[in-house]
Every structure is written in C-alpha cells, then in structure tokens.
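Below is one structure, written out as structure tokens; comments come after it.
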Amino acid sequence: MNWHNGTMNGALRFKQLTQNVLSIVLILLLLLFCVTATAQDTLAPTHYTHEQKRDIGFQIARELRCPMAVNQNLFDSQSKIASELKGQIFLMLDEGQSKVAIIDFMVLRYGEKIRYMPALSSHTFILWFIPIILVLLAIIGLFFFVQPTLKAQKLTQDSPHD
C-alpha cells in the first residue's frame, strides 16, 4: 500500500463521517419539529389523579424560572412570588389545564424569560441553531484546512531527501 491510497482512504472516511454527522443533525431537527407539533395536542383539559397533579406541578415548577430569585426555578425558590406561582400552577391543574397551557399562561404573564429552556420561535431561533451552525462550520473547516495540510505533510515525507 502506498501513501496515496492511505490518504484517499482517510479522506473518504472523513467525508463519510461528515455526511453521517449532517444526517444525524437533520434527523434531530426533524424530531424537534415533530415534538413541537404533537405538543399542541396536549392543550385539551384533562382530569388528573392527585399523584399526577403533584408530579406535573413539580415538573412545571422546575421548568420555570422564579421572577424574583436569581438563577432559581420556582420549585427551589422560597420567595413569595414563587409560592404564589406554584399555587397558581396547582389551581390550574385542578381545573384540568394541561402542562402546555399552564406554561403558555405563565409565559404570557411574565414573558419568555420565565422559561429555563426557551421555546423555538423566531425570537429564539439564534439560540437554538447557532451551536449547530458552529459545529457544521468546524467540520467544514476541518475538511478544507486540515485535509490539505495532511496532503502536504505526506508529500514532504515521500519526497526524496538530499
């Protein structure tokens, strides 16, 4: 086996790896959109058992940021407003409101900043896709800048020495 075949095999493996990573990213994006679409179906009022209300209420309280406490969710915060909001969550669960409806109510009342994980929208598009774009740019950069360097090193290694 000469060096040329080894370089070609490495380049082909790198290209295949890049294609696999891009495929995985696209699949994850499609799953994200599917989850968002199915979440709309959970807006209908339902009846919960006591344990379900407790579990869902705690989940919601962990997903929402306390408006008064710095970097604390409603569940962990001991502020007066956090106690009131937790009470509001459980009241809405008693009324049969869904988790999505309760979170939407809180976002309407306090703004998007109440969420720890912002929803995908035109305002938060950059937050969600900048990391993906940076990873793709890094992969492309590796392909265009590292591969020629590797080829140049192989050429200098195989050139006759004086």
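The values are calculated or read from the model by the stated rules, or taken from the named source; none is laboratory data. Treat the numbers as computed from the prediction; the structure is a model and nothing was measured. Glycine gets a Cβ as well: all are built from the backbone with ideal geometry, and neighbour counts include every protein chain shown. Just the protein is used for accessible areas: all its heavy atoms, side chains included, with ligands, DNA and RNA removed. Shrake-Rupley method; radii C 1.70, N 1.55, O 1.52, S 1.80 Å.
Backbone amide hydrogens, once placed in the peptide plane, bring residue 115 within less than 5 Å of 65, excluding anything fewer than 5 places away on its chain. Given their separation in residues at 0.36 nm each and the Cα-Cα distance between them, residue 80 and residue 13 gain 18.3 nm when the chain is fully extended. Listed by chain and number, the lysines placed with their C-alpha closer than 22 angstrom to that of residue 151 are 15; residues fewer than eight positions away on the same chain are left out. If you take all other residues with their beta carbon under 14 Å from the beta carbon of residue 115, and give Lys and Arg +1 and Asp and Glu -1, the sum is +2.
Under a model in which nothing but the beta-carbon of Lys, Arg (+1) and Asp, Glu (-1) is charged, region 55-161 shows a dipole of about 340 debye around its Cα centre.
Computed over protein heavy atoms with a 1.4 Å probe, the accessible surface of region 123-162 works out to 85 Å² per residue. Take residue 144: with every protein chain present and a 1.4 Å probe, its accessible area is about 130 Å². Accessible area of residue 110 (1.4 Å probe, protein heavy atoms only, ligands and nucleic acids ignored): about 60 Å².
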